[in-house]
Each structure stands twice: as C-alpha cells, then as structure tokens.
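Structure first, commentary second.
The values are calculated or read from the model by the stated rules, or taken from the named source; none is laboratory data. Keep in mind the model is a prediction, meaning the values are calculated, not measured. Here the Cβ is made from the backbone with ideal geometry for all residues, glycine too, and neighbour counts use every protein chain on show.
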Amino acid sequence: MAENMAENTTAVVLKAVNLQRHYPVRQGFMQPPATVRALNGVSFSLAAGETLAVVGESGCGKSTLARQLTLIETPTAGELWLDGHRVEPQRRPDAALRRSVQIVFQNPYGSLNPRKTIHQMLEEPLLLNTRQRRDERQRAIAAMLERVGLRPEHAGRYPHMFSGGQRQRIAIARALMLRPKVVVLDEPVSALDLSVRAQILNLLTELQQVLGLAYVFISHDLSVVRRIADRVLVMYFGRPVEYADSETIFTRPQHPYTEALFSATPVAEVGQRRERIHLQGEPPSPLNPPPGCPFQPRCALAETRCGQAVPELHPAGAGQVACILR
Amino acid sequence: MSLLEVRKLSVAFQTQGGWFRAVEGVNLSLDRGEVLAIVGESGSGKSVAMLALMGLLPATARIECERLLLDGQDLLGLAPKARRRLNGGTMAMIFQEPMSSLNPCFTIGYQIDEAVRTHLGGGRKARRERVLHLLELVGIPDPPRRFDAYPHQLSGGMSQRAMIAMALAADPELLIADEPTTALDVTVQAQILELLLKLQQERDMGLILITHDMGVVAETAQHVLVQYAGQQVERQAVRGLFEQPLHPYTRALLDALPERAPPGDFLPTIPGLVPGQHDRPRGCLFAPRCGHAGALCQTQEPVWQQLESGPGWRCHFVQGDPPAPVFPAPAALQQGGEQGEQD
C-alpha cells in the first residue's frame, strides 16, 4: 500500500497527518475541566477519484473526523491538507478552501430546510460564493438536477413532496453545486430503504467517475463499504486501529477489533454464518480511558503488556495496524 | 395446534384523502419455538400488522380480521379488559428505539416491576427478587445496582436488555420484536440477537422478528414473510427464500444487496417507488416495478396462494409443488443498474 500511496501523491486532494481533536468538558464547580480526546492521531491521504471508508461504532470519532475534514471545526493538533493547502489549526480557514469540501448527511429528512424550495436550496451556495448571473445560476441548477436524476420542474417544489431517496439526491446535488473536490458522505444510505439504497449508491459511483470526486465514506454497513471503498480506516475510541486497502482488510483483517466487527455483521446467506467473536461489554467512557490499548478490556487476545502502552499504527501485512500483538 | 393463527388481517386508516389500506389480507401462523421474520421496506405494513395484533393501534384505524387465535383463544370476541391482560402476559412486544420506549422519569427496576405487578402480583420482596432475576437473565451486570439506574444512565444495548426483561416479566408465549437492533451498533446487535434467540429456545417461545435487514433474517429466522405495500407477497422457509425466491420483488430485493450483487461498478436496482395512497395500481401492486410484468399483471390482482407444506406467494407466474417462478418470455426484462427514481 505504501507504493500505492507514493504513486498518486500528485493527485492527493486530502491529507491528514496525526490529526487530533480534543474537547474540554466541565466537570463541575471548582473542578478542573477534563479533556475528551475525541480524535487521536488519524492519518491518511486521499486522491481524486478515490473512496476512503471510515468504519466504527458510535462514539468512535467518525463524526468528529467529518467535522474536521469539512472545516466545520479546526483540529486541535496535527496537519490537514486540502487541495494542496494547509489548514491552520485553531484558525478559521478562508472561503475558497471551505468551498472545495462538502458534506452529505445521513438523514435527508432532517438535512433539508422544509421552508425552502429545491431551487432556493441549490441556489444559496452560488449566491454566497460566486458572482454568477441569474440565468447562469438557473442553468447550473437545471443541469445539476438532471445529473442527480431529478427533473428540472422539481426545482419549484418543497422537500416534503419528495421521497427519501429523492431527498438524498437533492442533498447530493446541493453538496455538488460548488464543484467540490472532496465530498464527505456521513452514512448517506443508512436511512434509506433497501431498494432505494442501491439507486443512491449507483448515483454516487457514477458522479465519482464523471466528476473525479474524492469520497470520505463514513458508514457502519460493511457490505456497502466493501463494495465501494478503495481503502478502509477502522476506528475505535477516537483512534485508528487499522488502515488498509479494501481487499486486504476484508480478506485478512489484522486487528482483533476489526475481526470482531466483521464477524458480528450478519450475512445475507443461509448457512454462511461465521464463527462469531464474542465481544463482551461496550466501549469505555471517554472521560475514563483504560490504560494502554483502549480495546484491551474487551479483547479476547489481550495480554498484560496490552495494558502498558497505547499501541501506535505500524505497518503489518499489506496494511497498517495499531496492535502490539500483530 | 399453532400458537398464533391470523387469517385475513386488514388494517385501514382514516385520512383526509379517504381510507388508506396499510395492511391487506395478511395470513400467518406460528408454532411454539418457531422464529418467523417479517421483512419489508418502510410502508410495507409490517409494524402496523403486529400493532393490530397487540391491539395497540389508535382509534382511527379500522381493523378487519377473519380469524385471530392465540393459543386457541379467540382474540376477536374478547372484551378490552381481558385483551389488555394478554398484552405483556401471554404476548409481549419489544420496540425499535429502546431509549425512547423507556420512561426517563423512573428507574428501570420500577418499570420492570410495573410489568411484574400487573401480571403476576405478589409482595414487594418477591417482586424485587423476580426483577433481579429478570435483569440477570438478560445479561445486565450487577443487577442490584442497575435496579435503581435511570434510563439515561444506560447505553443503548443495556436499555434494550431492560426492555427485553420487561417483555419477559410474565413469561410470554409469543414475543414480537419490532426492529429490536436497528438503533444499535453492530457488535451490540450481535449480542442482543443472540440473547433473544437463546431466551426463545430456552422458553420455547414463538418469536416474530420484524426487520428490514436481510442478514439478520438469514441468521436468525426459520420462516420468512415478505411484505410489500401492505400485502404479503411471499412466505417460505428461510433457506428456500434465499436460494430460490418465488416472488419477483423478493428476488429483486436480494439482488440489490451489495454482498449478493454481481461484481462491477453498479448494483442492480428496483426502478421506481413503493406505491402510495393515491397511486395504487389496479392489478398487481408490484407490476409497475417488475421486470416480468405482462398485460395480466396490469389488470388483474394476483391472489394469495399457499401450499399445505408452507410456501405461499402472490404472483401470477409462480406455479407447482414445489413452487417455482415460470415467467413468460423475458423480452421485457429490465437491465440491472438502471438509474432514475421517477415519481
């Protein structure tokens, strides 16, 4: 994978190096505030036309990562490079930079303003960010609606007049209005019905091929991830635990957590049920992290040395893994 | 005698635009110790049918049913009070969102005790013992401490365990679980499903599992009922369903799953949308989206057919015993990967 990465450094549009985001949490009167390390040492790079999947359970820092990547927040420490420009920590990035990354949220019922027409929603980014004339904007909106599989006459309608799948098409259209280079997809299909899910996934694939978009695909649905991701980043408790290309990670997962996650996912084949790795308990509290490896209290393979130091991501097999046993 | 027998259950809701038929002619039977999965997309009527069974629908619903037997007892002629005694007693239900199903103002011990008090009665001490036993049964660590915990102090998985404890309070014979793991993480989902199946086997309960996750169906159910737009379109044993689906809808649904789809950039899709209240087709409800539909499907509604041996279907082109789909010339077959979701 290392060679693979070196090859496409020219086209890298998004790069994170040891990205961190910490939040202070007030503990109460006269108590020093505690620190929640929501994101701890995430590194990856993503080229145009590629898809990176971020996988993990709730509370693992997936959404915090999305907030850093889309510049909604700036990271506490670490480097974030977007389209060749460095995002300065603790400083509000300029508009041109923010334009090149957009996000599509999970629930299209909540992410579209019910009081605005589709036209108004798609026009807003153009009004705020460009000096296009009225007829230019009109043309851009009609073209985008067609591109995402809606009809131009839909522009005058309100979100409630659309089905879930169509609303997600609108959310995708809105994200693409400013021609971003990177699109963060935060569980884009998990609120949709099975038969519509495939339609939206196909649309995303098609848009990526035509527009050369880089996707950060946040999901917990491993069958979808396997299908569309080039590389996979597995996170646990704010830390990356495994990072490898899709084929490698699904055929030969290295980290015990990745293995457990894969074995817990039900497969739609009768009699294919895999040997399940039983994970006891639930992820630890972020205010009270366990010593050493954060996965060690639930890990079936844990040894005493796992409790001594936090393992760093290091090369193992064809990928990278944060486990001292591998 | 089967534990549950439902014949021609229909539910309609009064809306401003007239009656909306949410469930149409659902038949089902369930034995003790059997796990039946009901699969369908949103709006397929799977939850409404089960709520009708439990008598939990609002007064705006009109419920019609030819026969409704639970353990040989006719539920249709039952007085409301006697019917309520069955809920949580002989049959119990678990809902999708454990966090919002629990009352945030009371401890989980109190809430489980409420079910014990209503159905079993007994003294305070004996009831507390029972609740502690239930908490232990569903795998909640340190029951005496958790007894006094409020719902906000529990994680999603623990809340769902508390809901299961509540449902088991009076040793029900039929347990209905409505998307019990949809709101939970994958590793927690595996724990909860395993717990449900273990309890179901130990107690020889009938379990109806409502879900939209085909993976969950394949791993837990013995029989599967597929619903589409309020109608049941297929019933089969789980192996048959995944190996040879009878109804074109089931087939298309399975093909659209990323893990079963043929390799390539694009997934096969089902064009179009589930019909709503105002655009219900005259013939087969699936005909507008079906790759095999002919003139007959546009005009004539297929009837539900069921074999003595179990399999059932609602399609003009499924025949024989064992049944198999026999479609006319595949000239009109639609290609996979088709885009567009027209309204």
Taking the condition of being in contact (Cβ under 8 Å) with a residue 24 or more places away in the chain and under 16 Å from B:Gly283 (Cβ atoms), how many residues in the stretch B:293-326 meet it? 9
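Answer yes or no: is there a residue in the stretch B:53-60 that is among the small types (Gly, Ala, Ser) and touching a residue at least 24 places away in the same chain (Cβ under 8 Å). Working first, answer last.
Restricting attention to the stretch B:53-60, the residues satisfying the condition of being among the small types (Gly, Ala, Ser) are B:55, B:59.
Cutting the leftovers down to touching a residue at least 24 places away in the same chain (Cβ under 8 Å) gives us B:55.
Within the stretch B:53-60 (the criterion being among the small types (Gly, Ala, Ser) and touching a residue at least 24 places away in the same chain (Cβ under 8 Å)), the answer is yes, since at least one residue qualifies.
Suppose we filter A:Thr35, A:Thr64, A:Thr70, A:Thr51 for residues that are surrounded by fewer than 19 Cβ atoms within 10 Å (Cβ to Cβ) and of a type in the set (Val, Ile, Thr); which single one remains?
A:Thr35
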Please give the number of the condition B:Glu194 fails out of (1) touching a Leu at 6+ places or on another chain (Cβ under 8 Å); (2) closer than 17 Å to B:Gln96 by Cα. (1)
Residues to consider are A:Ala318, A:Ala268, A:Ala264; find the one that is of a type in the set (Gly, Ala, Ser) and buried (at least 22 other Cβ atoms within 10 Å of the Cβ). A:Ala264
If you go through the stretch A:127-158, how many residues are within 27 Å of A:Thr51 (Cβ to Cβ) and surrounded by 14 or more Cβ atoms within 10 Å (Cβ to Cβ)? 9
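Could you pull out the residue among B:Leu257, B:Leu241, B:Leu285 that is within 20 Å of B:Glu41 (Cα to Cα), more than 11 Å from every other protein chain (Cβ to nearest Cβ) and without any contact (Cβ under 8 Å) to a residue 60 or more places away in the chain? Steps first, answer last, please.
Values: B:Leu257 fails: more than 11 Å from every other protein chain (Cβ to nearest Cβ); B:Leu241 fails: more than 11 Å from every other protein chain (Cβ to nearest Cβ).
On inspection, the qualifying residue turns out to be B:Leu285.
Restricting to the stretch A:304-326, and then to whatever is small (Gly, Ala, Ser) and in a loop (DSSP other than H, G, I, E, B), can you tell me which residue is modelled with the highest pLDDT?
A:Ala322
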Looking only at residues that are surrounded by 14 or more Cβ atoms within 10 Å (Cβ to Cβ) and among the small types (Gly, Ala, Ser) in the stretch A:271-302, which one is farthest from the other protein chains (Cβ to nearest Cβ)? A:Gly292
Of all residues in the stretch B:82-126, which are in a loop (DSSP other than H, G, I, E, B) and over 19 Å from B:Gln200 (Cα atoms)? B:Glu97, B:Leu102, B:Asn103, B:Pro104, B:Cys105, B:Phe106, B:Thr107, B:Leu120, B:Gly121, B:Gly122, B:Gly123
Considering each residue of the stretch B:151-171, count those that are in contact with a Pro (Cβ under 7 Å, 6 or more places away or on another chain) and over 19 Å from B:Met93 (Cβ atoms), and give that number. 1
Check the stretch A:85-97 and report whether any residue there is more than 29 Å from A:Ala16 (Cβ to Cβ), crowded, with 17+ Cβ neighbours inside 10 Å, β-branched (Val, Ile, Thr) and under 20 Å from the mean Cα position of the chain (by Cα). no
Tally the residues that are among the hydrophobic types (A, V, I, L, M, F, W, C), at the interface with chain B (Cβ under 10 Å from one of its Cβ atoms) and outside any loop (DSSP other than H, G, I, E, B), restricting the search to the stretch A:187-226. 9
Within the stretch A:7-61, count every residue that is under 18 Å from the mean Cα position of the chain (by Cα), without any contact (Cβ under 8 Å) to a residue 60 or more places away in the chain and closer than 21 Å to A:Leu211 by Cα. 1
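Taking the condition within 12 Å of chain A (Cβ to nearest Cβ), buried (at least 21 other Cβ atoms within 10 Å of the Cβ) and in contact (Cβ under 8 Å) with a residue 12 or more places away in the chain, does B:Leu175 pass?
Details: within 12 Å of chain A (Cβ to nearest Cβ): no; buried (at least 21 other Cβ atoms within 10 Å of the Cβ): yes; in contact (Cβ under 8 Å) with a residue 12 or more places away in the chain: yes.
In short, no.
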Name every residue in the stretch B:110-146 that is touching a Gly at 6+ places or on another chain (Cβ under 6 Å) and either more than 24 Å from B:Gln189 (Cα to Cα) or at pLDDT below 95 (or both), in order of residue number. B:Ala115, B:His119
